[in-house]
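The values are calculated or read from the model by the stated rules, or taken from the named source; none is laboratory data. Nothing here was measured: the structure is a model prediction, and the numbers come from that model. So basically every Cβ, Gly included, is an ideal-geometry build from the backbone, and we count neighbours across all protein chains shown. For the accessible areas, the whole protein counts, side chains as well, though only heavy atoms, and no ligand, DNA or RNA atoms are used. Shrake-Rupley method; radii C 1.70, N 1.55, O 1.52, S 1.80 Å.
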Amino acid sequence: MVELVEDLPEIRAALDSLDALQRKETARRVQVVLDRLPDRYGDALEWKYIEGLSVAEIAVRLGVATKAAESLLARARTAFRDAFSAVHGAGVEA
Amino acid sequence: MKEDNEEQIAALLRLAGPRPRIDDERTARVRAQVHDEWLRGVRQRTRVRWLGAAVAAAAMIAAVMLFIPRQRPAPAAAPSTIVAHVQTILGTTKPPVAMAATVAEGTWIETLAGSALSLDWNGATLRLGEQTKVRLDSARNATLERGTIYFDGHQSNVIIRTALGEIRDIGTQFEVRLRAETLRVRVREGRVDLRRGGESFIADAATELVAGPTSVRKNAIAVSGAEWQWIEEAAPPLRLEGLTLHEALTRVAREKGLRVELRGVDGDVRLHGGVAFTPDEALDAATAATSLSWRIENDTLIVSGRR
C-alpha cells in the first residue's frame with residue numbers, strides 16, 4: 001500500500017479502494033483521464049510511471065531536451081491531478 | 001508538484017496499467033474521431049494560450065493601442081469607457097486581442113476565417129462567429145457590419161444595429177447573421193424586435209426572421225443542434241468547482257439551447273475540480289463524477305442515475 005498524504009483526498013480515497021470492482025473502476029477512470037490529456041502528457045506519464053523510462057529516455061522519445069522533458073512531466077502531472085480530481089472527486093457536499 | 005503527489009500519481013498509473021494500444025486502422029479511425037472532437041475545444045484554447053505567449057509583446061502593444069485611451073497632449077481628452085472584456089479567443093482577430101483584454105466603447109473587432117471570440121459585454125455574453133465585424137458602441141449598443149453574433153443575457157434593451165434593421169432584445173438568447181443582402185435573426189429564448197423603416201417585426205423563441213432589402217419573413221426553427229454548434233465552441237471555459245450539479249447542468253444546457261430535467265437525481269450535490277472544461281467536457285465530468293447518465297430528447301437534457 002502506498003503511503004498517502006492529506007492534500008489529495010480524492011487520490012487517497014481511490015487508492016484506499018478495497019475490492020476489485022472499485023480498483024477496476026478507478027483504473028478505467030485513470031485511463032479516461034489519460035486519454036483526455038494532451039497526447040504528449042498522457043504518453044509521458046505512461047512512459048515514466050508504467051514503463052519506467054528515465055527522463056532522459058523520455059526526452060529522446062519526445063525529441064526535446066532533458067530539461068524540457070522534466071518540465072513537460074511536471075505539467076503533465078499537474079494536468080492529470082486536476083483532471084482526476086474533477087472526474088473522481090466530485091459530488092459529496094449535499 | 002510535491003514529491004508525495006508524484007508518488008500518488010505513479011501509484012494510480014501503475015494501478016491502471018498501460019492504455020490499450022491502437023492495433024488496427026478501424027480502431028484508430030473511431031478513436032481519432034471521438035477523441036479529436038472531444039479535445040478540440042481544449043486544444044484550441046491550448047493553442048491560443050501558446051500563441052498568446054509567443055506573440056505577447058505584439059498583442060500587448062495592440063491592446064495598449066486599441067483598448068487603452070491614447071496619450072494625447074490635449075488635457076481635456078476624455079477616457080474611453082470599457083464596455084467588455086475578452087472571455088475566449090479561437091483563432092485570430094483583427095486587431096489581435098489577448099485573453100481578458102478590455103474593450104473600449106467604439107472599438108471595432110473582426111474575426112478572421114475559422115475564428116471566433118466570446119466577450120463579456122456588460123454581464124451578458126456576446127459571441128462573434130467567423131468573419132464577423134462588430135463595433136461595441138456602448139454597454140448596450142453594438143453595430144454589426146457583417147458576419148454572425150450571438151447574444152445571451154438577461155438584461156433588456158440591448159440594440160444591435162445593422163444595415164438592414166435594428167434588433168432589440170427583450171431578455172433573451174438570439175443570433176444575428178448579416179451576409180450580403182440578408183439579415184437573419186434566430187431566437188432561442190425570449191423575444192426580439194426587428195425595427196426598420198418605421199415597422200416592427202417580432203420574433204419569439206424558436207422562430208427566426210429573415211430580412212432582405214424589401215421583405216421580412218418569419219420561420220419556425222430548432223433551438224438546438226448543429227446550426228448552433230459554433231456558439232458552444234466559442235463558449236468561455238466552464239469550471240465546476242463549487243457549483244451544484246444542477247447549476248453545472250443548467251450552464252451546459254444553456255450553451256446547447258436545452259432544458260434540464262433531473263430524474264431521481266440530487267441536484268444539490270456540489271462539484272469540485274479546477275479544470276476548465278468545454279460544455280461537453282463539463283457534462284461528461286459532472287455526470288461521470290456523480291455516477292449519472294445523460295441523454296438528449298426533445299430539446300431536453302435528461303440526467304438520471306445509472307442502473
(request) Report, by residue number, each residue of segment B:94-144 that is without any contact (Cβ under 8 Å) to a residue 24 or more places away in the chain and surrounded by 22 or more Cβ atoms within 10 Å (Cβ to Cβ). (result) B:Thr132, B:Ala142
(message) Go through segment B:266-288 and report how many residues are surrounded by 20 or more Cβ atoms within 10 Å (Cβ to Cβ), farther than 18 Å from B:Thr125 by Cα and in contact (Cβ under 8 Å) with a residue 40 or more places away in the chain.
(response) 4
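Please tell me if B:Asp284 is at pLDDT below 90, in a helix (DSSP H, G or I), within 15 Å of the chain's Cα centre (by Cα) and not hydroxyl-bearing (Ser, Thr, Tyr).
Judged against the criteria, B:Asp284 is not a match.
Can you tell me how many residues in segment B:254-281 are acidic (Asp, Glu) and part of a loop (DSSP other than H, G, I, E, B)? Break it down into steps so the answer makes sense when it comes.
Step one: list which residues in segment B:254-281 are acidic (Asp, Glu), which gives B:255, B:261, B:266, B:268, B:280-281.
Subsequent filtering for residues that are part of a loop (DSSP other than H, G, I, E, B) retains B:266, B:268.
Of the residues in that region, 2 qualify.
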(request) Considering (1) out of contact with any helix residue (DSSP H, G or I) (no Cβ under 6 Å at 6 or more places or on another chain); (2) within 19 Å of B:Leu90 (Cβ to Cβ); (3) modelled with pLDDT under 90, say which one B:Leu238 fails and leave the rest. (result) (1)
(message) I'd like the residue in segment B:178-188 that is modelled with pLDDT of 90 or more and surrounded by fewer than 17 Cβ atoms within 10 Å (Cβ to Cβ) and, out of all such residues, is farthest from B:Gly165 (Cα to Cα).
(response) B:Arg179
(message) Among the residues in segment B:109-119, are any closer than 27 Å to B:Phe201 by Cβ and either under 18 Å from the mean Cα position of the chain (by Cα) or hydrophobic (A, V, I, L, M, F, W, C) (or both)?
(response) yes
(message) With the requirement that a residue be open to solvent by 40 Å² or more (accessible area, probe 1.4 Å), outside any loop (DSSP other than H, G, I, E, B) and under 18 Å from B:Trp108 (Cβ atoms), what does segment B:150-169 give you?
(response) B:Arg161
